[in-house]
1. Here are Glu143, Glu129, Glu187: which of them is modelled with pLDDT of 90 or more and out of contact with any Pro (no Cβ under 8 Å at 6 or more places or on another chain)?
2. Filter the stretch 167-181 for residues that are touching a residue at least 12 places away in the same chain (Cβ under 8 Å) and either in contact with a Gly (Cβ under 6 Å, 6 or more places away or on another chain) or not basic (Lys, Arg) (or both) and give the result.
3. Filter the stretch 311-335 for residues that are assigned to a helix (DSSP H, G or I) and within 28 Å of the chain's Cα centre (by Cα); which is surrounded by the fewest Cβ atoms within 10 Å (Cβ to Cβ)?
4. Output the residues belonging to the stretch 194-215 that are surrounded by fewer than 19 Cβ atoms within 10 Å (Cβ to Cβ) and closer than 13 Å to Ile257 by Cα.
5. Which members of the stretch 216-244 meet the condition of being of a type in the set (A, V, I, L, M, F, W, C), surrounded by 13 or more Cβ atoms within 10 Å (Cβ to Cβ) and under 22 Å from the mean Cα position of the chain (by Cα)?
6. Exactly one of these conditions fails for Leu353: (1) over 19 Å from Ile276 (Cβ atoms); (2) in a strand (DSSP E or B); (3) not basic (Lys, Arg). Give me its number.
7. Between Glu231, Glu170, Glu247, Glu187, which is farther than 23 Å from Gly7 by Cα and in contact with a Leu (Cβ under 7 Å, 6 or more places away or on another chain)?
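The values are calculated or read from the model by the stated rules, or taken from the named source; none is laboratory data. Remember, predicted model here, so these are calculated numbers, not experimental data. Note that each Cβ is placed from the backbone with ideal geometry, even for glycine, and that neighbours are counted across all protein chains shown.
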Amino acid sequence: MRIGLIGLEKSGKTTIFNALTGSQIDTGTFSQAKPEPNMAVVEVTDPRVIRLKDMYSPKKTTFATIECVDFGGFSSSEEKKQIFSPAELALIKNMDALALVLRNFQDDVIDETHGRPDPLSDLDTIMTELIISDLIIAENRMERIEHAVKRGAMTPEMGLEKKALEKILECLNENRPISTIDLSPDETRQLRGFQFLTRKPLMVVLNSDEDRFGHHAELIAEIEKHAQAIEFAGRFEMELSGLSQEEAQEFMEDMNIEASAKDRLTMLAYTVLGYITFFTVGADEVRAWTIMKGDTAVDAAGAIHSDLARGFIRAECFSYGDLMNLGSEKAVKDKGLFRLEGKNYLVQDGDILNIRFSV
Ligand SMILES: Nc1nc2c(ncn2[C@@H]2O[C@H](COP(=O)(O)OP(=O)(O)O)[C@@H](O)[C@H]2O)c(=O)[nH]1
Ligand SMILES: [Mg+2]
């Protein structure tokens, strides 16, 4: 899973990237955005993995991970309006989700060049930018289909696609993101190749001044009419990521910050994206894997290796909850809670799976 940090220039994207990843990439009032994005892999903190590790004492323990990508920003000032470069746009299209950073802190120099912080207006600017990018894609495709219709070269698939595009164009022309409409599975399939930006799950990171952190309930409610939001005190949290855990904990308590920036963002990512975790356990490795809610046992097998999906026979399955309640795999079996599941089993968050397969 890859989350892209996007936003206007100087909204604090690189600062937040550093807070999330513990990196020390240059940020600054005057620093120039680099053309190439910063990327880092962060582990998803999951106390269940630690407890499984304690139980199985494996040689290796592997947490689920997400990849964070920090893109250069685009400017809100009219005269030097630079939308994402085509290369950047192509990268953003590959993201599973977008985290949109909004500046909610004051800085005399940034205020001078970019105006006073106005998160709602910035949100509107960026949403409009994303909507326009999708409109261009949808209109181009529509033109081609209409051309095909004129030539009498229309296929049934194109008919479906046309209907889906009509819905999409109507939505975008009303200035709404595509994620607000319901598309049928057939329509979704027709649109798979497009990677529309406003179809991606979006969360907002409100990047607030540390002395006003926690006092923006009204603003957050306003933002949440559009997307789920989370508040960060970016600069403060970047400094925390350089401290020891105990020290950071103390500062966080002073500020009423409940969990690290990384943990808050990953938690939100899971709820926004509908991700769930399953585990594989054994003497060699205890490992957490990420799949989507609604994925089957075969999908889970495929997340581990394509061979396991191809040669899938059965999944041995029990739940983390039962294991912890009963204390051992044997006790789970004695209680009859150890199951064999077939291809179409819908994997539940916290399932522990062992895939039987033959290739
Ligand atoms: N006061 C304050 N300043 C911040 C905060 N986050 C970022 N900044 C400052 O804003 C400037 C731009 O930050 P940067 O992360 O480089 O923004 P980017 O252009 O979006 O990557 C830097 O001088 C940061 O120190 C914050 O939460 N509070
Ligand atoms: Mg930056």
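1. Working: Glu129 fails: modelled with pLDDT of 90 or more; Glu187 fails: modelled with pLDDT of 90 or more.
Exactly one residue qualifies, and that residue is Glu143.
2. Ile168, Leu169, Leu172, Asn173, Asn175, Pro177, Ile178, Ser179, Ile181, listed by residue number.
3. To start, the set of residues in the stretch 311-335 that are assigned to a helix (DSSP H, G or I) comprises 320-326, 329-334.
Those left that are additionally within 28 Å of the chain's Cα centre (by Cα): 320-321.
Details: Tyr320: 20, Gly321: 14.
Looking at residues that are assigned to a helix (DSSP H, G or I) and within 28 Å of the chain's Cα centre (by Cα), I get Gly321.
4. The answer is Glu210, Asp211, Arg212, Gly214, His215.
5. Listed by number, the residues that qualify are Ile220, Ile223, Ala227, Ala229, Ile230, Phe232, Ala233, Met238.
6. Status for Leu353: all satisfied but (1).
7. Values: Glu231 fails: farther than 23 Å from Gly7 by Cα; Glu170 fails: in contact with a Leu (Cβ under 7 Å, 6 or more places away or on another chain); Glu247 fails: in contact with a Leu (Cβ under 7 Å, 6 or more places away or on another chain).
Checking each option against the conditions leaves just Glu187.
Listed here are the residues, each with its yes/no results for (1) under 15 Å from Val281 (Cβ atoms); (2) among the basic types (Lys, Arg).
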position	(1), (2)
Ile313	no, no
Ser319	yes, no
Gly327	yes, no
Lys330	yes, yes
Lys335	no, yes
Asn344	no, no
Asp349	no, no
Ile352	yes, no
Ile355	yes, no
